[in-house]
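Colleague: Structure in structure tokens, see below.
The values are calculated or read from the model by the stated rules, or taken from the named source; none is laboratory data. Note that the structure is a prediction, hence the values are computed from the model and not measured. Please note: Cβ atoms are built from the backbone with ideal geometry, for glycine as well, and neighbour counts cover all protein chains shown. These area figures cover heavy atoms from the full protein model, side chains too; ligands, DNA and RNA do not enter into them. Shrake-Rupley method; radii C 1.70, N 1.55, O 1.52, S 1.80 Å.
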Amino acid sequence: MARCANCGCEIPDDDRTKLCDKCKRILLPFVKFMDVSSTSAVRRLVSNEANLRQAGATDSGMEYLYRICELHDRRKQSEREEKAARRQAQAQEAARLEAEEADRAKAAGRVPMEEIELPPDEPLNFRREPYGRFLPAAKIVLLLAGLMQLAWFVVRIVEKLGMDVTPLAGGIASLAGAYAVSAVEKLRDDLNEIKRHFR
């Protein structure tokens, strides 16, 4: 028969914990708590020694816990080192791939966008005269034309002059043109902002 690692009483040989049922209730809660704590198991054992002694831990029981805590801390340290090594290897691989991509770009005669600089003595040659100045007027004309043609389509139906889809189609086309002009106005404003930034 084997002996309990804490109190020394006889226990079955196949008991993996090496503790009797009474001592399992004293020592195993501390062992189970190790995996959910981020602090060193040995340090926690030292700080909780008085409580464990009061609960019934003997010198041999404390030695038993100390060996378990040492193994736990070594395993955690090994896992941290493996994770750090993996992160470092991934960073080195990413740097290597980035360097290879830069080499391929240079070999192909391409320069990465972040390395392109505009010569200070050669500013961009923007057109100086304003463009799109008649866009607001064009939008108003298209809106009015579209509304008038839609109104004429409704009048023809109300007065029973016959349904003619030409005014409807013309009105829809005019309103679509007005929408397109609005989009061009926004594009013009963005281009003007770019010109103002580079001047």
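Colleague: Only one of these conditions is not met by PHE33: (1) open to solvent by less than 50 Å² (accessible area, probe 1.4 Å); (2) in a helix (DSSP H, G or I). Which number is it?
Modeller: Every listed condition holds for PHE33 apart from (1).
Colleague: Being open to solvent by less than 80 Å² (accessible area, probe 1.4 Å) and modelled with pLDDT under 80 narrows it down to one residue among GLU114, GLU185, GLU129; which is it?
Modeller: Working: GLU114 fails: open to solvent by less than 80 Å² (accessible area, probe 1.4 Å); GLU129 fails: open to solvent by less than 80 Å² (accessible area, probe 1.4 Å).
Within the list GLU114, GLU185, GLU129, the selection yields GLU185.
Colleague: Answer yes or no: is there a residue in region 9-24 that is surrounded by 11 or more Cβ atoms within 10 Å (Cβ to Cβ), β-branched (Val, Ile, Thr) and in a helix (DSSP H, G or I).
Modeller: Step one: filter region 9-24 for residues surrounded by 11 or more Cβ atoms within 10 Å (Cβ to Cβ), giving 9, 11, 15, 17-24.
The next check asks that each one be β-branched (Val, Ile, Thr); those that pass are 11, 17.
In the following step, the residues that additionally are in a helix (DSSP H, G or I) were identified as none.
No: zero hits.
Colleague: Would you check if CYS23 is of a type in the set (A, V, I, L, M, F, W, C) and in contact with a Lys or Arg (Cβ under 8 Å, 6 or more places away or on another chain)? Before you say what the answer is, go through the steps one by one.
Modeller: On the way: of a type in the set (A, V, I, L, M, F, W, C): yes; in contact with a Lys or Arg (Cβ under 8 Å, 6 or more places away or on another chain): no.
Spelling it out, it is not the case that CYS23 is of a type in the set (A, V, I, L, M, F, W, C) and in contact with a Lys or Arg (Cβ under 8 Å, 6 or more places away or on another chain).
Colleague: Within region 36-51, count every residue that is without any contact (Cβ under 8 Å) to a residue 12 or more places away in the chain and assigned to a helix (DSSP H, G or I). If you could, list the steps in order and put the result at the bottom.
Modeller: From region 36-51, those without any contact (Cβ under 8 Å) to a residue 12 or more places away in the chain are 36-39, 43, 46-47, 50-51; that's our starting set.
Add one more test, that the residue is assigned to a helix (DSSP H, G or I), and what stays is 36, 43, 46-47, 50-51.
Selection size over region 36-51: 6.
Colleague: Here is a follow-up. So, LEU150, is that one modelled with pLDDT of 75 or more, loosely packed, with under 13 Cβ neighbours inside 10 Å and more than 46 Å from the chain's Cα centre (by Cα) or not? If you could, list the steps in order and put the result at the bottom.
Modeller: Values: modelled with pLDDT of 75 or more: yes; loosely packed, with under 13 Cβ neighbours inside 10 Å: no; more than 46 Å from the chain's Cα centre (by Cα): yes.
So LEU150 fails the test.
Colleague: Of the conditions (1) among the polar types (S, T, N, Q); (2) loosely packed, with under 10 Cβ neighbours inside 10 Å; (3) modelled with pLDDT of 90 or more, GLN90 satisfies every one except a single condition; which number is it?
Modeller: (2)
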